[in-house]
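Data block below; observations after.
The values are calculated or read from the model by the stated rules, or taken from the named source; none is laboratory data. Just so you know, these numbers come straight off a predicted model, no measurement behind them. Positions of Cβ are generated from backbone atoms using ideal geometry, with glycine treated the same way; all protein chains shown enter the neighbour counts.
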Amino acid sequence: MTDFSTIGKSTAMVDAARKTTGAGKYTDDFSVPGMLIGKILHSPYPHARIRRIDTSRAEAVEGVKAVVVGQDAPNPYGILPVGHDEHALTFDKVRYVGDNVACVVAVSEAIAEKALELIDVDYELLPAYFDPEESMKAQTDLIRDDKPGNVEKQYHHVFGDPEKGFAEADQVMEARFLANEVTHAAMEPHCTLASFELDPHTGRPGRLTVWSSTQVPYYLQHKLSLVLEMPMSQIRVIKPLVGGGFGGKSEVIPLEIIAAVAARKAQAPVKITYTREEVFWAHRGRPRSIIDLKTGVKNDGRITAVQARVVQDGGAYCSYGVVTILYSGALLGALYDIPNIQFDGYRVLTNKPACGAMRGHGTVNVRFAFESLLDELAGKIGMDPSEIRCRNLLQPPCITVNGLRVQSYGLPECIEKTIERSGWKQRKGHLPAGRGLGMACSHYVSGAANSIIRSDMPHSTVNIKIDRDGGVVVYTGASDIGQGSDTMTAQIAAEVLGCSLSRVRIIAADTDLTPIDIGSYSSRVTFMAGNATLLAAEEVKKRIAAAAAKKMNCAVEELDFRGDLVVKKGSVPRAVETDQAEVTHAGASASGRVEGQILRGSLQQKRQEELPNDWMTFEEAVVAAIDFQGTLTGTGSYAPPQEARGGKHHGAGVGPSPAYSYSAQVAEVSVDEETGEVTVHKIWAAHDCGRALNPVSVEGQVIGSVWMGMGQALTEELIWKDGVLMNPGLLEYRTPSSVESPEIEPILVESVDPEGPFGAKECSEGSLAATIPAIANAIYDAVGVRLHESPFTPERVLAALRAKKHAKALNLTEGVDPTAPKSFREHGGSLSYRGKGAKRHALDAFRSEAPAPAGGAE
Amino acid sequence: MKKELIQLRVNGRTHELAIAPNALLLDVLRQELQLTGTKRGCDDSSCGACTVLVDGVAMMSCTMLAASCEGQEITTIEGVSEHGSLTALQKSFGDCGGAQCGYCTPGFIMTVQSLLAENPDPSEADIRAALSSNLCRCTGYQQMYEAVRAAVAAERQAAAGAGQ
């Protein structure tokens, strides 16, 4: 193993103290003089034409400075170039309960709230669509006129020969799966503060500065430029600390544009912070997905073909939808070797908040279906679930049938380690009644190989500046949203330069200061910004090394950068002899010999000439380099290689990545057959992260992903009634609390990717998708029922147990519970309804054939 | 609404403030006193990001009237660090990965402070039960348990060292 000094060692995040002391600033913690507060008026109707908006009464309120409506910023925008269908404030129609209609800016929140009530909006109600399959049948009152059948986008991909594949199979199974809608629920509600500064030349408002809770400062700068009709150079976006994103801040959220438009109209800085309910409306979460999956296997376990039809309930706007639906098909590939794939995907518009990107973007729900069905197929052919997965491994390096290039592939080791640690072989099938083990695998991209805005520009650029003080300043556009990307950047720079972490300072995500980085999404930052950092650091190192070599009268190749020293290989510097720990730990102060003398370079060099020529401190080497060559800066850029950018078919741009992470998991659960309650006892999760740069952080990301997957598996679900969200609160939405969170054992697998920085790949998303099917498969192992609809709430588990007991086929995905009346089913709601006699659904196990006697009590 | 003059004691300092009688403690801390370490994560005491200590008891400041805290000793996250250094708990939250995005962290630290004040040697179940009043969306809580245990161990070691 290579001997690293900084990477591979667990370290507290560089901003950890700011977080644990409360000193760190998130967007809502900023105030500027004269700042006004904005509050947004939201639509109470799911689908309605706006006939008229009268803001005059609101404007008349003392303390109100402006009321903004759609006409104040009519340019459309959207995160995808093909999906520019949003406006800061809508002016023709409202398309979901919570759609943005107007914004009041006032001197206080209370006044703004009061004024909101005085805005009169005249709506003409339209029929609304809440179920994607119903929505696809629509002929009139379309959600968007240019989208017939309310279909945002559909794709039909065929790779290989699926028909032949299914003909060759010994076993073919088909099933419908339904994964209900979940949302990010990041702890920090979205917030934006926008402020114009006066131009000294024109005397009018000029440059705009926006502080925002965003994962994508550069895209925000771009969209603000489109809507405000201002050059990008006149807009500065600053990302302060962000309190979690998970994809929910990976596109431009309405308040970000509204705040800027409002600041322009009110001629004063404006801050808007969402309430928690507004966060749920802003949403952009994982769409409810209906998945019809068909898989064929041979008796030896080999998968011969897969056919998937995926319908996603996308909500009212495009958002990332086109990408989400493509991912759901593309990432059928690159996990296992599947020779034949047919994919039919429909992204459908409905009158609900827009869905977008959420951790494990696009792959999660399909992976739940795929891994569940594979488990069932393994049972059919009498094969251990871990074995069937091993029979379908890829043989990398390879290119999958759908054009994805796979190089490093730690899946076999992930499977092996989870089996070993969980005691799978000894314990599976030998647990007490009601307790079971389940396994599943997943994978994810380490950054999309193609950026949203198709171009050849680098996806990440990093600049490094080192000055005579010996401080290393790294300028990166990468957005730390809590995952630790600033720490990763500092570690890579420190590793390359052989200096201590404390010497490195990160300036990140400020479009005025930092070079363009396309943002924190698709798990791209470690791979791409990490590579850019690596290149930038190597460039500066080369120049320092040249100067040091000249000073030491040796070849560049003979130098070692380590422990804040530049050392001729084989020699041991005195400082290191005396106090190794002090040198590596205390960094700058330990270089002793140049105390306070750094600025007087020549004097110092004179001193140095008297010293042995086999080592220099980092500062001395830096000063020498600056003396020889002037300013010491380095730049590194990363763009994914052409070979990793995918095939040529329509929609081939989504799915390709320079590298994929892999995960294998085993879940141990017990099921209470009386209550239907599922308890997860432990999850073993092996994740191939290429190389763990900061193991404690990598483990934290893996645990967090698995935990979030468990939330989707057991409790989390957005519940709708006629387009109204019934649970827009953190308690009602039910993310797992500490008492419901099991032990998760992260197992790090390092496959060392040939193109990753020090071999690293993503670690923050890939594990999520395996958790849901691992739990589903464990439930089957425990009580013998297959759950095809997530989350596996007690009601659904009971319904499945009931169906099993009465030996009736109960398709749980036909509506939510076919035994519930339609008005309950359409919004994904309660399963506890107990109808009477003939009112029960035809498939209900409890239905009696004879109608219930009139007036009789059951 | 007509403002009232109140005296609020926060982190050992007394502040004289003119506030509306319906002003929430969280808003007064954040907006009047610029103590922005205390966070708002929800609006209805669901999440615990706004947890502060009122006379040593962990309370959610988003649903408390500031005026009702007159005469009580309020401690926020800004009042936690010791002699300008991180406490053992703050340090271990950083070392163990107990804070990722950090937004919920001040609330958790306050909750754990109050737990440890009552129960200096909490069991795993005690820690879980105490932490269940706060929500985190990043960590799955596991590395927080490790942080609490590490902090308890560090404190014990320090106490043993001081006793010698």
Residue match in region A:51-63 (condition: within 14 Å of chain B (Cβ to nearest Cβ), touching a helix residue (DSSP H, G or I) at 6+ places or on another chain (Cβ under 7 Å) and under 26 Å from A:ALA106 (Cβ atoms)): yes
Scope region B:98-143; condition buried (at least 21 other Cβ atoms within 10 Å of the Cβ) and farther than 20 Å from B:THR75 by Cβ; matching residues: B:GLN100, B:CYS101, B:ILE127, B:LEU135, B:CYS136, B:ARG137, B:CYS138, B:THR139, B:GLY140, B:TYR141, B:GLN142, B:GLN143
Answer from A:ALA110, A:ALA138, A:ALA106 - the residue that is free of Cβ contacts under 8 Å to residues at least 40 places away in the same chain, more than 19 Å from A:ALA48 (Cα to Cα) and not acidic (Asp, Glu): A:ALA110
Positions within region A:711-749 being hydrophobic (A, V, I, L, M, F, W, C), in contact with a Gly (Cβ under 9 Å, 6 or more places away or on another chain) and at the interface with chain B (Cβ under 9 Å from one of its Cβ atoms), in sequence order: A:LEU730, A:ILE744
Subset of region A:678-710 that is surrounded by fewer than 24 Cβ atoms within 10 Å (Cβ to Cβ) and under 20 Å from A:PHE368 (Cα atoms) - its residue that is nearest to the other protein chains (Cβ to nearest Cβ): A:LYS682
Scan of region A:453-504 for residues that are of a type in the set (Gly, Ala, Ser) and under 14 Å from A:PHE618 (Cβ atoms), ordered by number: A:GLY470, A:GLY471, A:ALA493, A:ALA494, A:GLY498, A:SER500, A:SER502
Odd one out for A:SER460, checked against (1) outside the structural domain of A:ALA685 (by TED's automatic domain parsing); (2) over 27 Å from A:GLY647 (Cβ atoms): (2)
Spans of helices (runs of 4 or more DSSP H) in region A:554-670 with at least 3 residues modelled with pLDDT of 95 or more: A:618-629
Subset of region A:4-32 (residues that are without any contact (Cβ under 8 Å) to a residue 24 or more places away in the chain and either out of contact with any helix residue (DSSP H, G or I) (no Cβ under 7 Å at 6 or more places or on another chain) or more than 8 Å from chain B (Cβ to nearest Cβ) (or both)): A:ALA23
Flag for A:TYR123 being under 19 Å from A:ASP99 (Cβ atoms), surrounded by 13 or more Cβ atoms within 10 Å (Cβ to Cβ) and of a type in the set (Phe, Trp, Tyr): yes
A:SER289 within 30 Å of A:ILE341 (Cβ to Cβ), hydroxyl-bearing (Ser, Thr, Tyr), assigned to a strand (DSSP E or B) and at pLDDT 95 or above: yes
Residues of region A:229-249 that turn out to be closer than 26 Å to A:SER460 by Cβ and away from chain B (no Cβ under 14 Å), as a count: 9
Residue match in region A:37-51 (condition: in a loop (DSSP other than H, G, I, E, B) and aliphatic (A, V, I, L, M)): no
Residue match in region A:627-650 (condition: farther than 30 Å from A:SER741 by Cβ, aromatic (Phe, Trp, Tyr) and out of contact with any Gly (no Cβ under 6 Å at 6 or more places or on another chain)): yes
Any hit, region A:79-98, residues being within 14 Å of another protein chain (Cβ to nearest Cβ) and buried (at least 20 other Cβ atoms within 10 Å of the Cβ): no
Residues (within 7 Å of chain A (Cβ to nearest Cβ) and among the aromatic types (Phe, Trp, Tyr)) located in region B:97-135: B:TYR103
Test: residue in region A:804-823 that is modelled with pLDDT under 85, charged (D, E, K, R) and either in contact with a His (Cβ under 9 Å, 6 or more places away or on another chain) or under 28 Å from A:SER522 (Cα atoms) (or both): yes
For A:TYR45: the one exception among (1) in the same structural domain as A:ALA262 (by TED's automatic domain parsing); (2) out of contact with any Leu (no Cβ under 8 Å at 6 or more places or on another chain): (2)
Tabulated pairs, region B:18-38, first over 13 Å from B:LEU8 (Cβ atoms) and at the interface with another protein chain (Cβ under 9 Å from one of its Cβ atoms), second part of a helix (DSSP H, G or I) and among the basic types (Lys, Arg), C-beta under 8 angstrom, 6+ apart or interchain: B:THR36/B:ARG30; B:THR38/B:ARG30
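Could we say that A:ARG786 is surrounded by fewer than 24 Cβ atoms within 10 Å (Cβ to Cβ), modelled with pLDDT under 95 and not aromatic (Phe, Trp, Tyr) here?
no
Can you spot a residue in region A:53-60 that is in contact with an Asp or Glu (Cβ under 9 Å, 6 or more places away or on another chain), assigned to a loop (DSSP other than H, G, I, E, B) and assigned by TED's automatic domain parsing to the domain that holds A:VAL227?
Taking region A:53-60 and keeping what is in contact with an Asp or Glu (Cβ under 9 Å, 6 or more places away or on another chain), we get A:53-58.
Among the residues that remain, those that are also assigned to a loop (DSSP other than H, G, I, E, B) are: A:55.
Still in the running and assigned by TED's automatic domain parsing to the domain that holds A:VAL227: A:55.
Yes, region A:53-60 contains a residue that is in contact with an Asp or Glu (Cβ under 9 Å, 6 or more places away or on another chain), assigned to a loop (DSSP other than H, G, I, E, B) and assigned by TED's automatic domain parsing to the domain that holds A:VAL227.
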Candidate set from region A:1-59 (those that are among the polar types (S, T, N, Q) and more than 30 Å from A:GLU750 (Cα to Cα)); member that is farthest from the chain's Cα centre (by Cα): A:SER56
